[in-house]
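Just below is one structure, and these are the notes that go with it.
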Number of protein chains: 2
Amino acid sequence: MTRDTSRDGWKNRLRYSLLTSWPTAWGVLNRTKFIHAHVNRWLIDSSIRMARTRPHPLSTMCDYSSVESLRDKTWFTRHLPAVEPPKDLPSPDAVANLFARKDKAKLSKKSTMLFASYAQWFTDGFLLTNTTPPDPRKNHSTHQFDLAQLYGTTREVTEQIRVISEASGQRGRLKSQVRRGEEYPPYLYDENGTRKDEFSAVPDPFGPVGALRDESRRKTMFAFGGERSNTTPQTSMLNVLMLREHNRVCGELECAYPSWDDERVFQTARNVLIALQLKIIVGEYINHITPYHCRLELDPSVAWKANWNREPWFAVEFNLLYRWHSLIPENIYWGTKRYSTNDWFLDNQPLIEGGLALAFEATSAQPAGEIGLHNTPGALLSTEMAAIKQGRANRLASYNDYRAEMGYPRAATFEQISSDPEIIEGLRALYGSVDRVEFYVGLFAEDPRENAAVPALLGRMVSLDAFSQALVNPLCSEHVFNKATFSEVGWQRIQQTNCLADLVARNVKGGNKLLVTMTQTSVPPKPGVAAARTQEHGPLRALAQTEVAQ
Amino acid sequence: MTRDTSRDGWKNRLRYSLLTSWPTAWGVLNRTKFIHAHVNRWLIDSSIRMARTRPHPLSTMCDYSSVESLRDKTWFTRHLPAVEPPKDLPSPDAVANLFARKDKAKLSKKSTMLFASYAQWFTDGFLLTNTTPPDPRKNHSTHQFDLAQLYGTTREVTEQIRVISEASGQRGRLKSQVRRGEEYPPYLYDENGTRKDEFSAVPDPFGPVGALRDESRRKTMFAFGGERSNTTPQTSMLNVLMLREHNRVCGELECAYPSWDDERVFQTARNVLIALQLKIIVGEYINHITPYHCRLELDPSVAWKANWNREPWFAVEFNLLYRWHSLIPENIYWGTKRYSTNDWFLDNQPLIEGGLALAFEATSAQPAGEIGLHNTPGALLSTEMAAIKQGRANRLASYNDYRAEMGYPRAATFEQISSDPEIIEGLRALYGSVDRVEFYVGLFAEDPRENAAVPALLGRMVSLDAFSQALVNPLCSEHVFNKATFSEVGWQRIQQTNCLADLVARNVKGGNKLLVTMTQTSVPPKPGVAAARTQEHGPLRALAQTEVAQ
């Protein structure tokens, strides 16, 4: 059965078709620097202009605009005003059932667990709904892609995880320890399983309630700035990689600028790390998500004159649409071992035991689950239920209202959303009419698209907010994104870095021989990418890309 | 003697000449709605584009850009980087002497004390350099024109000065008392001269050290949200006017929207008051400052697509250039009384005794001092000295550097700055070379211009930052500046209000017969203004304008 595409909208179909056909032509374009720069600009800019951009008039604070509501970012901003929810909505339990994985996981045809892990780790830096006390309308985010996973959201936290010293070889560094010959952050708990005083401001590791009652798990927790960075060995893996790169960059800066004090080395290294992160977000992660042949690249100048360049502020819809629980399989394969995802929380033992090389290899080798309904593992169903409740607590408009806001015609039948009879019947049984389908459910009910990591509406919404947040980072602004801010040495590193593999090569023993990839090796890379990479990086990276392509 | 204008720059001379010649043509233009709207847009937009706009790469925090320095607004942002100050700068005492008024005040040919009072009261809402503990590099501003003079800079303060009640006739109101038949805020101190507990978060009135040791003064202090609103009877006068308008608007809202709760009435009234304030800033105050014939008007849409629409953040230069101490005369004439400005601090007795009608009448009738060197009253010389030190503490670039940044050729001789032999010789004696003249001194050393309230470089810098801050107020943004935000009733009030006189007419007994004006009655109003006003307001306001013109 195929989906009824009559309500996809001709402009959307044209855009999609243009961007996903003629791979050879796109290959040429991707390699032709000057034209590619223009198309890259247009694609990013037009992705943001799909709907109204910030500042939005309303937040989750109240139903009217006020000085407080337009200023207080502890509330989420919102794309659409709150609505009175339709009567007799199905119970959250019943809705969560639509998400529940049946017998076994549907696997993604494109994404590896490195993609799943990166998505989780990346969003854990900023999608920080309040949990103590719980309030689904509020957050404690800095509203920037500023690597709060690594550095924390407040200066107090940052200062506790830093080495503050003018001694050479220490300047600007984050505290670290060596385990089995590799660099990690220090532990958060001491030998007795008690929290160390020096990390009093560091947030408690976030995860399933009670998981840390187990002393052996507690002892493996790292003193990370981010509250969710210890959540799984993979989130820890990415955070450790960033910590190593931070300390490595500090060494380069200290060497190149011996007169710089501790503070300047730290701050400049952090600038560099955030720029590296932004390059990877656009150049690797978003490239992986889209099914388009055009190779996307970070180009801060796209934002300099843009009328969507407005204060960053995360929307509640962006927070919700990012719950990609279906990416998580039933088991994690880690070297020669297999772990159930039910136990895969708040325990860094597998990471420390195997080291970062094994971690990246394992994470790149395993396929992720496919994003969609009927594919959330049992361990995460309660999280799914919380998301459904968060949507209702914020009185979000319906799935169809968001389609309209984002430039898609309203769906008239369930068959226009999905081609899967089980999903169609499930939606019909719960909602009766298409107009009653909730935002959160509709997002994930849509059919997967060929060579895309996410369905259509979700894809559109995620690019709109991700681009418009990434490009308005203060470090990307017109008079800041330059060598003065990042230093000559830092600027070079930024130019030389395009993907996680580059960081792994620099910071993991044997890392330059590893296959580090968000895209499964059976999926052809974006046309022209391997060639373009050869040009930029020489044979080594090209070799890795060739392996990916095989 | 006339000033050597050879280094004024031909573009600047052309612009100035275009905007200050042909009053008849400008009169027609000011009355022709469609063309006027375009010219108004161009004039505002081009005033902002005179130099680099926000986000600036540096703040007063440190000499490089970092996540902290680009985010922490307790430091000032800055137009130009810090410099190593030239050696052997003259002592602050010697420089302050350049500011000292000689025998008697030079009076402005254009401005009344209402202009001086408004400038002080307006800037006291946001130019909040830290004083406890003193740090000339830091501030506690909200970085918006948000009437913090009235409402305070924090929610805690706002809540203490509000009546929080669902009772009809109370909703949304600010606390007030009646004295001699007129509405004022409550007193901050009780009968014994002790601060009232209910205002524990309200800031101490700011003024000369020790002035409040006098119990009789203490007893006249109002519980104002702003720390500097009690500073003089005129700042109090403007704040009381705003309080009355706030409470009046609440009454209108309560009447029109009986279902609204206390919070919504308050927040909407505050929205309206801020919009009124913005209209007056552009339509009356900035109009008064510029010598241009074009009538300037608040048009939020100028900012909607502009690439200078960036997060508001006050610059240290804007803070300094606003020290218009020379506006203050030696004496204040208040009804039949005369007060020395030496005693004119932290004492609301004259205001309460005479009432608001007398206060506005007296303030509108007295000419202000002329802005420039050798005209600061003795009582303010220590404040002048503090400004000179603040410029040095922030290592500001030189006067000539700022000329270059703002599109003026660097001055080569002292005769290109001033035509006044005393000033020329004073500068020469202190600095030797033009390039050594400090920013703060150079600003005020320039010749006054015909029909302008401020000299040229100061005028350019004040419009750049004032416009670019006013128009990026969140309430002015594209999807917020509408009836939904201000209510139908509030929107009408905004349309009907153009100047302080309109507020006085609504809130002061007999206020519609008063002459309330920032411009002396001997100065002709902007061409076409009286006629345009007649169209908008009917005969009453036109009558007042005719009086102004006579």
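No value in this document is a laboratory result; all are computed from the given coordinates. This one's a predicted model, so the numbers in the text were calculated from it and none came from an experiment. With ideal geometry, Cβ positions are generated from the backbone for all residues, glycine too; neighbour counts draw on all protein chains shown.
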Percent relative contact order for chain B, counting Cα pairs under 8 Å at least six residues apart, stands at 25 percent
With DSSP loop assignment and no more than 12 other C-beta atoms within 10 Å, the GluC sites (Glu not before Pro) in region A:436-480 are A:Glu450
Counting other chain Cβ atoms within 10 Å of each Cβ in A:475-484 and taking the mean gives 4
Whole-Hz Karplus couplings 3J(HN,Hα) for region B:106-114, θ = phi - 60° and coefficients 6.51, -1.76, 1.60, Gly and Pro as x, run 7, 9, 5, 8, 10, 9, 9, 5, 5
For the axis mapping A onto B, the chain A residue whose beta carbon sits nearest, plus its rounded distance in angstrom, comes out as A:Glu311, 3
Going residue by residue through region A:179-189, the Karplus relation 6.51 cos²θ - 1.76 cosθ + 1.60 with θ = phi - 60° gives ³J(HN,Hα) values, rounded to whole Hz and with x marking Gly or Pro, of 10, 6, x, 10, 8, 9, x, x, 6, 7, 10
Expressed in angstrom and rounded, the centroid-to-centroid distance over alpha carbons for region B:113-167 and region A:305-332 is 36 Å
Expected sort for B:Glu370, B:Glu384, A:Glu425 with the fewest Cβ neighbours (10 Å cutoff) up front is A:Glu425, B:Glu370, B:Glu384
Counted neighbours (other Cβ, 10 Å), sorted fewest up, put A:Ser433, A:Ser111, A:Ser468 in the order A:Ser433, A:Ser468, A:Ser111
Subtracting the Cα-Cα distance of B:Glu156 and B:Ala211 from 0.36 nm times their residue separation yields 17.2 nm
Copies of B:Ala211 compared via label points 7 Å along Cα→Cβ give distances in nm, shortest first, of 6.0
Within chain B, the percent of DSSP beta bridges that are antiparallel, given to the nearest 5, stands at 90 percent
Two pseudo-spin positions, 7 Å from Cα along C-beta at A:Arg179 and at B:Ala365, lie apart in nanometres by 8.2 nm
The local net charge around B:Arg162, scoring Lys/Arg +1 and Asp/Glu -1 for residues other than B:Arg162 whose Cβ lies under 14 Å from its Cβ, equals -2
Computed over region B:408-493, the relative contact order (Cα-Cα under 8 Å, seq sep at least six) in percent reads 17 percent
Counting only residues 5 or more apart in sequence or on a different chain, those whose built amide H sits under 5 Å from that of A:Ser111 are A:Ala368, A:Gln520
Taking every DSSP bridge whose two residues both lie in the protein assembly as shown, the antiparallel percent to the nearest 5 is 90 percent
A correct fewest-to-most ranking of B:Glu311, B:Glu84 by other Cβ atoms within 10 Å would be B:Glu84, B:Glu311
homo-copy label distances at B:Ser433 (7 angstrom along Cα-Cβ), nm, one dp, ascending, are 8.1
For region A:6-82, the charge dipole (Cβ of Lys, Arg +1; Cβ of Asp, Glu -1; about the Cα centre) points to a positive end, and the Cα of A:Trp22, A:His38, A:Thr74 closest to that extreme belongs to A:Trp22
If amide H atoms are modeled at 1.01 Å from N in the peptide plane, then the residues at a separation of 5 or more from A:Arg179, or on another chain, having amide H under 5 Å from its own are A:Tyr184
The set of residues whose placed amide H lies less than 5 Å from the amide H of A:Trp334, leaving out same-chain residues fewer than 5 positions away, is A:Tyr339
Diffing region A:466-482: the Karplus 3J(HN,Hα) column from phi (6.51, -1.76, 1.60, θ = phi - 60°), in whole Hz with x for Gly and Pro, holds 5, 4, 6, 8, 5, 7, 9, 4, x, 5, 8, 6, 3, 9, 10, 6, 7
One decimal, nm, nearest first: from B:Met1 to the same residue in each other copy, label points 7 Å out along Cα→Cβ, the values are 9.4
Plugging the Cβ-Cβ distance of B:Ser259 and B:Lys109 into 1/(1 + (r/R0)^6) at R0 = 41 Å yields, to the nearest 0.05, a FRET efficiency of 0.15
